[in-house]
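For reference, the structure is listed below as structure tokens.
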Amino acid sequence: MAAANIPQEEFDDEFLTCCVCQSLYNDPRVLPCLHTFCARCLERWRKGERQFTCPTCRQQVSLQGTGVNSIPVSFHINRLLDFRALRRSEESHACCQMCESGARVEGTCGDCRLLLCKNCITSHGNIPTLKDHYIITLDDLKNPRSRQNYTRAQYCPKHTDQRMTFFCQPCAKLVCRDCTITEHRPGPDHDPQDVSKAAQEVRAELQTLLQKAQETTEDLKKTTSAVGKELTTIATNCDIEDRKIQEHFSKLRGKLDEAEKEMRGKLREMEKTQREPLLKEREVLEKLKVHRDGLHSCANVLARDGNWVSTISSDGDKLNRPHGVAVTEDGHVFVADAGDHYIRKYRYM
Ligand SMILES: [Zn+2]
Ligand SMILES: [Zn+2]
Ligand SMILES: [Zn+2]
Ligand SMILES: [Zn+2]
Ligand SMILES: [Zn+2]
Ligand SMILES: [Zn+2]
């Protein structure tokens, strides 16, 4: 049982206590939000309204019929309450609630909602009106299988003395015999079937669905595996392509580096070719500067005496196009032609 590892009191608080009245559930009803409350607590809570909110989660509830009787019973909690009562009766050595023999309790009847002694359980089987009551014994309680089969009988909320032994397929609802001749009379809208027959059909339907689900699961497995393979292939292919791209660009970079090196080399060579004549010209210009500096002194000399100007012109055969003139401290005059091919020295007399 679920309670195996939880102390009984804790289990009662957690699963069997209504949070409105803080007592064990009394006629537990399940709201659409799946919160459970006692029928009487909900009746008080709704204050006569057909629409109200869940005391726990505030979700809207609309009553389908009149009163909280139209809210589904929690069979699960009722079952647990019956188990609890039976277990407690054993611990407290309680006596039968049906006869006055004072005999120990051996089981409980979900229909009579009474704890029963061994004799009363036996007599249930002999009295026609009690014959099909749902009974669970202490031995059954210890056996998970019989425990699972036990349930309280479900009575019709409209015809409270009638068990709900029919299932109306179109309404997907459990109904009683009386309902099958009133609200759920067989016709185009209603089809009440014996609950065991309906259960059989539903079971078969579930079996088919289960089969389909299994097939779908198989298909899913296959598809998942195929998708997995495809993903692996994509990853591998991408890795290969990635490596190719890297190699390609690395080659390109190598080529670019080479081209850069070559272009820079050519540029330097070009610089050299252009620099050399310019350097030579600068050298000449440097020399000419010296000549120009001398020219100044020369001009002075010429201003005092014009003699050696004629000296230059008379000797013009060799000294073509005299270009620069320099005068030394001691009065020697140097005259150079263009390009400094020829320099003549004069002496002031
Ligand atoms: Zn309550
Ligand atoms: Zn709720
Ligand atoms: Zn008895
Ligand atoms: Zn009974
Ligand atoms: Zn009914
Ligand atoms: Zn119906």
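Laboratory data are not the source of any read-out in this text; all were calculated from the coordinates shown. All values derive from a computational prediction rather than experimental measurement. Using ideal geometry, Cβ is built from the backbone for each residue, glycine included, and neighbour counts are taken over all protein chains shown.
Structure notes:
- Remark: region 173-190, residue by residue, has Karplus-estimated 3J(HN,Hα) of 9, 7, 9, 9, 4, 4, 4, 5, 10, 10, 5, 10, 4, x, x, x, 9, 10 Hz, where x stands for each Gly or Pro and the curve is 6.51 cos²θ - 1.76 cosθ + 1.60 at θ = phi - 60°.
- When +1 charges are put on Lys and Arg Cβ atoms and -1 charges on Asp and Glu Cβ atoms, the dipole computed for region 141-260 relative to its Cα centre reaches about 940 debye.
- Set of aspartates and glutamates near LYS266 by C-alpha distance (under 13 Å), chain-local residues within fewer than 8 positions excluded: GLU258
- Rounded to the nearest 20 debye, dipole of region 54-157 from Cβ charges on Lys, Arg, Asp, Glu: 300
- Karplus-derived HN-Hα couplings along region 34-48 (A = 6.51, B = -1.76, C = 1.60, θ = phi - 60°), whole Hz, x at Gly and Pro: 6, 7, 10, 9, 5, 4, 5, 5, 5, 4, 5, 4, 6, 6, x
- Dipole size of region 1-73 about its Cα centre, with +1 on Lys/Arg Cβ and -1 on Asp/Glu Cβ: approximately 560 debye, rounded to the nearest 20.
- With each label modelled as a point 7 angstrom along the Cα→C-beta vector, the ASP219-THR182 pair spans 4.7 nm.
- Rounded if a/c under 1.5, otherwise prolate or oblate - region 1-73, Cα gyration tensor axes: prolate
- Whole-Å distance, taken between Cα centres, linking region 155-196 and region 1-52: 27
- Less than 5 angstrom separates the built amide H of LEU114 from those of CYS109, all sequence-distant by 5 or more or on a different chain.
- Taking packing as the residue-averaged number of other Cβ atoms within 10 angstrom, the listed peptides 26-36, 107-117, 274-284 run from highest to lowest as 107-117, 26-36, 274-284.
- Each residue in ILE121, ILE127 was given a count of other beta-carbon atoms within 10 angstrom of its own, and listing them fewest first yields ILE127, ILE121.
- HN-Hα J in Hz across region 101-108 - Karplus 6.51, -1.76, 1.60, θ = phi - 60°, x for Gly and Pro: 6, x, 6, 5, 6, 10, x, 9
- Between the amide H of TYR155 and those of MET164, distances stay under 5 Å, these residues lying 5 or more places away or on another chain, with hydrogens modeled in the peptide plane.
- Packing-based exposure ordering (other Cβ within 10 Å, fewest first) of SER92, SER146: SER92, SER146
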